[in-house]
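Q: Below you will find the structure I want to go over with you.
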Amino acid sequence: MSGRLQGRHALLTGAGGGIGLAVAEAYLREGARCTIADLAGEPNAAVQALAARHDGALRYARADVARSGDVAALVASAAAAFGPVDVLFNNAAVFDMAPLLDSDEAMYERLFAVNVKGMFFTMQAVLRQMVEAGVKGAVVNLASQAGRRGEALVSHYCATKAAVISYTQSAALAMAPHGIRVNAIAPGVIDTPMWRDVDALFARYEGLAPGEKKVAVGKAVPLGYMGAPQDIAGAAVFLASAEASYITAQTLNVDGGNVMS
């Protein structure tokens, strides 16, 4: 432990596994107390194991960020347990895809409800608490390389992640007078359990064998392989820490060179 987040309280959404859980583990190692939120009513085995290794520094809360009541209750309960939130890792999101002409309203509403509405109002609730408590905190929103471009089969998801980048910039400007920094991370292809579903969708719509898309996208990365959740965790610690004290309104690409900006 180097203590870069010592004594700080981090709230992480969508953190029951994958990137969110890896970031929670990194934050705990750096001395933070963490409130982990996800959809399940009870913490899964991985969250329980992490909590056991960091006795008293991690609590779990069930929340659906697409529901405003859940967001308000989450932020209030987090503050009651560990004090005002110093760091938000705004990670909860869903993925889906379909050919543009077949993409229906239900898919649109689901993706925007979680990835945009849920992201924005969670950020807003935490920022309001930070301002009221006089906390000069940090927000890290999870965008995606998909937010940097369009994709024929992934139009709604790309649009939601472009919205994350835009809201990050606007929130950073609004919060700068309060000393609160707002940044985002745009991961590339990251090897998480979600990729099983992503690969299956590409197999369906592109006529590929199972696993073929995952191998192909890994090889297409300039560094030659898919990233790991821990690659995102390193960036998330940096952006939450004092080392990034003069960085705000930025979206950091962590993608092995896929996007150059």
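Q: Just a yes or no: is a residue in the stretch 50-60 surrounded by 15 or more Cβ atoms within 10 Å (Cβ to Cβ), touching a Cys at 6+ places or on another chain (Cβ under 6 Å) and modelled with pLDDT of 95 or more?
A: First, pick out the residues of the stretch 50-60 that are surrounded by 15 or more Cβ atoms within 10 Å (Cβ to Cβ): 50-51, 54, 57-60.
If we keep only those that are touching a Cys at 6+ places or on another chain (Cβ under 6 Å) as well, we get 58.
Subset that is modelled with pLDDT of 95 or more: 58.
Yes; the residues of the stretch 50-60 include at least one that is surrounded by 15 or more Cβ atoms within 10 Å (Cβ to Cβ), touching a Cys at 6+ places or on another chain (Cβ under 6 Å) and modelled with pLDDT of 95 or more.
Q: As an exercise: evaluate SER245 against (1) in the same structural domain as ALA171 (by TED's automatic domain parsing); (2) at pLDDT below 95; (3) among the hydroxyl-bearing types (Ser, Thr, Tyr) and give the number of the one condition it does not meet.
A: Condition (2) is where SER245 drops out.
Q: Moving on. Could you give every pair whose Cβ atoms fall below 7 Å, whose first residue belongs to the stretch 46-68 and is free of Cβ contacts under 8 Å to residues at least 40 places away in the same chain and more than 21 Å from PHE120 (Cβ to Cβ), and whose second residue is buried (at least 19 other Cβ atoms within 10 Å of the Cβ) and β-branched (Val, Ile, Thr), counting only separations of at least 6 or pairs across chains?
A: VAL47/ILE36; LEU58/ILE36; ARG59/THR35; TYR60/ILE36; TYR60/VAL47
Q: Same structure again: Tell me yes or no: at least one residue of the stretch 118-129 is closer than 29 Å to LEU50 by Cα and touching a Pro at 6+ places or on another chain (Cβ under 6 Å).
A: yes
The values are calculated or read from the model by the stated rules, or taken from the named source; none is laboratory data. Because the structure is a prediction, the values reported are computed rather than measured. Here the Cβ is made from the backbone with ideal geometry for all residues, glycine too, and neighbour counts use every protein chain on show.
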